[in-house]
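Novice: Here it is, the structure in full.
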Amino acid sequence: MTSDPTLRASPRPGSVLVTGGAGFIGCALAERLAPLADRWVVLDNLHPQVHAVSERPAALHDAAQLVVGDVTDPAAWDSLLTGFRPDVVVHLAAETGTAQSLSESSRHGRVNVVGTTELLDGLTRAGVVPAQLVLTSSRAVYGEGTWRRADGSRFQPGARTHAQLAAGLWDFPDAEHLPNSAAETVPAPSSVYGSTKLAQEHILSSWAGSHDTSLSVLRLQNVYGVGQSLTNPYTGIVSLFSQMARGGRSIPLYEDGEITRDFVFIDDVADALVAAIASPPERFRLVDVGTGTRTTIRDLARTVADFHGAPAPHVTGQFRDGDVRHAACDITETLGALDWSPRWGLADGIAALQGWIAQQAAAEAPTSG
Ligand SMILES: NC(=O)c1ccc[n+]([C@@H]2O[C@H](COP(=O)([O-])OP(=O)(O)OC[C@H]3O[C@@H](n4cnc5c(N)ncnc54)[C@H](O)[C@@H]3O)[C@@H](O)[C@H]2O)c1
């Protein structure tokens, strides 16, 4: 852990390449670091599922140079890496729909897995070994994680089956879910998305190991907040709930409403990335990034509904294949590994998000006269 506060305040990242850097997390990271970098280059295909309009997002810092291109395209890599030797590569580009990944597996595999190997092949062809690689992995790699029975014994139940969910058997009986931890929980993804994120970890780790370069992997919990796509129906439950409640609708709750997640505000995630970049590990670092607090979907929905004076949320009993019952993490090790700690509580984060959504709506509203 670095104790030098100036390092955190002004890391000198050199030349930085950020794949998917025009998205939610990429824009928040650029806001903090792009003005400090020698060069900040974003490779992003402005995916239509994420970007309502195919143009440079207003939220992307002016200091960032946007190159529109696809991480799966070798020609995009060759053209980008001609004359550009990044010191740091932050790999954010990904297909991110958990449920979608079960019906569009190849799309997820192509972008998340092959897109990662194309990145490495592009670096190899250009003869570039960045001093540091950073990957945003996901809590999805844990799947249902580890559970503890009343007698203290632990087990990893694996994915919930479709039949189990169709019968309304949401939980694993007489057991409780333990917070996921990179040091202890063996990954067992229950979605293709989670599997591709785990593959990304392994692929980058193999390459970084044999090229003697540094790799930080941050397994992010559910990130929410200002700047998340409001039009992507496949990700961003807090934004989705917020828009329903703003519209005066009762929020539908899947399963019995007792699904839990660790909702971490975008600023805390961007700060964790900054801290990781500011102090690269010699070889490899794997950390969980969340708040360490679990919230039920019911409580999340109630807080959002109360904010807008919307009708109470209602349980629908619907479910999504591939969704895990519980996701939360233990951040104790992360607090030791990074000069970082989460600062945003859920209520404040939700309030900030509602303010931003209102601004977006006002900006889009037709002006009279
Ligand atoms: N947001 C979360 O809750 C969360 C949680 C865990 C992990 N992550 C990971 O963090 C990363 C960033 O997520 P985000 O929330 O900013 O998502 P996002 O969808 O807002 O941003 C992803 C960006 O990648 C771009 N992209 C997609 N496919 C691409 C391709 N083939 N080539 C080039 N660019 C492409 C998109 O246009 C978008 O700008 C992803 O790797 C995701 O798996 C996010």
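Novice: Out of all the residues in segment 248-262, is one or more within 13 Å of the ligand (Cβ to nearest atom), crowded, with 24+ Cβ neighbours inside 10 Å and under 14 Å from the mean Cα position of the chain (by Cα)?
Specialist: Filtering segment 248-262 for residues within 13 Å of the ligand (Cβ to nearest atom) gives 261-262.
Within this subset, residues satisfying the condition of being crowded, with 24+ Cβ neighbours inside 10 Å are 262.
Subsequent filtering for residues that are under 14 Å from the mean Cα position of the chain (by Cα) retains 262.
Checked against the condition, which is being within 13 Å of the ligand (Cβ to nearest atom), crowded, with 24+ Cβ neighbours inside 10 Å and under 14 Å from the mean Cα position of the chain (by Cα), segment 248-262 yields at least one hit.
Novice: Could you check residue 229 against (1) more than 15 Å from the ligand (Cβ to nearest atom); (2) in a loop (DSSP other than H, G, I, E, B) and say which number it fails?
Specialist: Among (1) more than 15 Å from the ligand (Cβ to nearest atom); (2) in a loop (DSSP other than H, G, I, E, B), residue 229 violates only (1).
Novice: Now for a different question. Tell me which residues, restricted to segment 307-340, are of a type outside the set (Asp, Glu), crowded, with 16+ Cβ neighbours inside 10 Å, part of a loop (DSSP other than H, G, I, E, B) and under 22 Å from the mean Cα position of the chain (by Cα).
Specialist: Correct list: 319, 322, 324, 325, 327, 328, 331, 338, 340.
Novice: Confirm whether residue 235 is among the β-branched types (Val, Ile, Thr), within 11 Å of the ligand (Cβ to nearest atom) and part of a loop (DSSP other than H, G, I, E, B). Please lay out each step first, then the result.
Specialist: On the way: among the β-branched types (Val, Ile, Thr): yes; within 11 Å of the ligand (Cβ to nearest atom): yes; part of a loop (DSSP other than H, G, I, E, B): yes.
Spelling it out, residue 235 is indeed among the β-branched types (Val, Ile, Thr), within 11 Å of the ligand (Cβ to nearest atom) and part of a loop (DSSP other than H, G, I, E, B).
Novice: Additional query: Got a number for residues in segment 52-89 being touching a Gly at 6+ places or on another chain (Cβ under 9 Å) and among the hydrophobic types (A, V, I, L, M, F, W, C)?
Specialist: 11
Novice: Now a separate question. Taking the condition at pLDDT below 95 and farther than 18 Å from residue 181 by Cβ, does residue 257 pass? Quick ask: steps written out before the conclusion?
Specialist: Numbers: at pLDDT below 95: no; farther than 18 Å from residue 181 by Cβ: yes.
Judged against the criteria, residue 257 is not a match.
Novice: How many of the residues in segment 159-197 are on the phi > 0 side of the Ramachandran plot and surrounded by 12 or more Cβ atoms within 10 Å (Cβ to Cβ)? Outline the logic, then answer.
Specialist: Let us first name the residues in segment 159-197 that are on the phi > 0 side of the Ramachandran plot, namely 168, 174.
Those left that are additionally surrounded by 12 or more Cβ atoms within 10 Å (Cβ to Cβ): none.
Going through segment 159-197 one residue at a time, the tally reaches 0.
Novice: Return the residue satisfying two criteria in turn: it lies in segment 120-132 and is assigned to a loop (DSSP other than H, G, I, E, B) and touching a residue at least 40 places away in the same chain (Cβ under 8 Å), and of such residues it is surrounded by the most Cβ atoms within 10 Å (Cβ to Cβ). So that I can check it myself, show each step before the final result.
Specialist: Just the residues of segment 120-132 that are assigned to a loop (DSSP other than H, G, I, E, B), to begin with: 127-131.
After this cut, where a residue has to be touching a residue at least 40 places away in the same chain (Cβ under 8 Å) as well, the list is 128-131.
Values: 128: 15, 129: 14, 130: 21, 131: 13.
Checking each candidate, the answer is 130.
Novice: May I pose another question? Would you mention how many residues in segment 249-306 are touching a residue at least 60 places away in the same chain (Cβ under 8 Å), assigned to a strand (DSSP E or B) and closer than 22 Å to residue 351 by Cα? Explain how you work it out, then say what you get.
Specialist: Taking segment 249-306 as the starting set, the residues that turn out to be touching a residue at least 60 places away in the same chain (Cβ under 8 Å) are 249-256, 258-292, 294, 297, 300-301, 304-305.
From the residues that got through so far, the ones that are assigned to a strand (DSSP E or B) too are 252-253, 260-261, 263-265, 284-289.
Then drop every residue that is not closer than 22 Å to residue 351 by Cα, which leaves 252-253, 260-261, 263-265, 289.
Within segment 249-306, residues that are touching a residue at least 60 places away in the same chain (Cβ under 8 Å), assigned to a strand (DSSP E or B) and closer than 22 Å to residue 351 by Cα number 8.
Novice: Would you call residue 293 within 16 Å of the ligand (Cβ to nearest atom), surrounded by fewer than 19 Cβ atoms within 10 Å (Cβ to Cβ) and polar (S, T, N, Q)?
Specialist: yes
One line per residue, one yes/no per condition, for (1) small (Gly, Ala, Ser); (2) within 16 Å of the ligand (Cβ to nearest atom); (3) more than 30 Å from residue 52 (Cα to Cα):
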{"residue": "131", "(1), (2), (3)": "yes, no, yes"}
{"residue": "142", "(1), (2), (3)": "no, yes, yes"}
{"residue": "149", "(1), (2), (3)": "no, no, yes"}
{"residue": "176", "(1), (2), (3)": "no, no, yes"}
{"residue": "191", "(1), (2), (3)": "yes, yes, no"}
{"residue": "202", "(1), (2), (3)": "no, yes, yes"}
{"residue": "213", "(1), (2), (3)": "no, no, yes"}
{"residue": "222", "(1), (2), (3)": "no, yes, no"}
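The values are calculated or read from the model by the stated rules, or taken from the named source; none is laboratory data. Worth saying up front: this structure is predicted, and the values here are computed from it rather than measured. Because the Cβ atoms are built from the backbone with ideal geometry, glycine has one as well, and the counts that use them run over all protein chains shown.
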